[in-house]
Amino acid sequence: ADNAGASLEAEGSIRAERQIVNIKAGNVDLTNYMTWLPEGVMPENINFDQGVIKEASLHVLRDGSKLSYSGEADFAEGKLTVEQTVVDNIAGHINFTDTEALVNINAEANQQKINAHGKTSLAAGSPDLNLTVTATDFDIAKVLTNIPYQGTVNFSANITGSISDPLIDGNVNIAAGELQGISFSNASVKLRYQDNHIFAQDLQADIFSGHA
C-alpha cells in the first residue's frame, strides 16, 4: 500500500479474544505524522523540521484487554531547531516496545558531530531519559556563536529524567583553548545542569605557566 509516499505492508490474525498485526513501512515522511505525538512529548523549545523513516517494522498484540507492541526503525535526514540552534543530519536506529525505547543516534550542529545512545522509559506515560551523549573535537564556537571561547572540546554527558526537566552530568576535556583572550591547555571540568542552572566542579587547567 502507499500512504503519503510511504510504503506500507500489513498482515495479521484477528480473533475475538486475540489480535496480532505485523506492519512493515518504508520511506515514511515524519512531517506527515508529527500531529500524532501525544501532547508534552516534544518540548516547546524544540521544533521538528524534517525526518524520514527509511525502514521500520511494528508488531502489535492485543490479548483480551492487554495491548503490547514492539518494533524497530532506521531513520535519517532528520532536522530539529533547538532554541536558535539547528541540529541536522540526524540518523540512527531505534528498538522499542510499549515500555521502553533503545536508541543510537548521530547528529550534527553546524558540522559538529555528536552521538547519543541509551534508553528511554515509556512506562510512566511520559518519556524518562537515560542517555549518554558524546562528542570529539567539538568546536563550541561554531554552535554557540556568542561565547568568548575558541578551541575544540571532548565531552561525555549522561542525561536522565524528563525531556522538559532533565538532569545532565558531564565531563569536559580540552587539550588547548582560549577564553576571553586567555590561553590554557590540559583542561578538564565536571559539569551538572539541573533546574536551569549549571554547576562546575573539579576544574583543572595548565595556565600562566602553571597548573590550577
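The values are calculated or read from the model by the stated rules, or taken from the named source; none is laboratory data. Keep in mind that what you see is a predicted model, and the values were worked out from it rather than measured. Heads up, the Cβs are rebuilt from the backbone with ideal geometry, glycines too, and the neighbour counts pull from every protein chain shown. These area figures cover heavy atoms from the full protein model, side chains too; ligands, DNA and RNA do not enter into them. Shrake-Rupley method; radii C 1.70, N 1.55, O 1.52, S 1.80 Å.
Here the chain has 52 percent of its accessible surface on carbon and sulfur atoms, given a 1.4 Å probe and all protein chains in place.
3J(HN,Hα) couplings calculated from phi for the stretch 190-198 with the Karplus curve 6.51 cos²θ - 1.76 cosθ + 1.60 (θ = phi - 60°) are, in sequence order, 9, 10, 9, 10, 8, 6, 6, 10, 10 Hz; Gly and Pro show x. Apply the Karplus parameterisation 6.51 cos²θ - 1.76 cosθ + 1.60, with θ equal to phi minus 60°, to every residue of the stretch 138-144 and state each ³J(HN,Hα) to the nearest whole Hz, in sequence, with x for glycine and proline. For the stretch 138-144, the Karplus curve yields 8, 8, 4, 4, 7, 10, 10 Hz. Put simply, the amide H of residue 110, placed in the peptide plane, has neighbours under 5 Å in 88, leaving out anything fewer than 5 places away on its chain. Tell me which of 140, 184, 130 sits at the most positive position along the dipole axis of the stretch 104-212, charges placed on C-beta atoms (Lys, Arg +1; Asp, Glu -1). Result: 130.
Each part reduced to its alpha carbon centroid, the stretch 176-212 and the stretch 35-87 end up 37 Å apart. Phi angles across the stretch 162-177 convert, under the Karplus curve 6.51 cos²θ - 1.76 cosθ + 1.60 with θ = phi - 60°, into 3J(HN,Hα) values of 7, 5, 6, 9, x, 10, 10, 10, x, 10, 10, 10, 10, 6, 7, x Hz, Gly and Pro given as x. Just how many % of Cα pairs in the stretch 113-212 lie over 15 Å apart, if you round to the nearest whole percent? Roughly 68 percent, once rounded to a whole number.
Over the stretch 126-212, accessible surface divided per residue gives 64 Å², non-protein components excluded, 1.4 Å probe. The Kirkwood radius of the stretch 1-115, taken over pairs of alpha-carbon atoms, gives through the Stokes-Einstein law at 20 °C and 1.002 mPa s a diffusion coefficient of 136 µm² s⁻¹. For the chain, the orientation-averaged shadow of the C-alpha convex hull comes to 13.4 nm² (one quarter of the hull surface). Taking amide H as placed 1.01 Å from N in the peptide plane, residue 98 has its amide H under 5 Å from the amide H of 69, each at least 5 places away in sequence or on another chain. Near residue 55, the amide H atoms lying under 5 Å from its own belong to 27, 74; only residues 5 or more places off or on other chains count, and H is placed 1.01 Å from N.
Summed over the residues of the stretch 1-115 and divided among them, the accessible surface reaches 66 Å² per residue at a probe radius of 1.4 Å.
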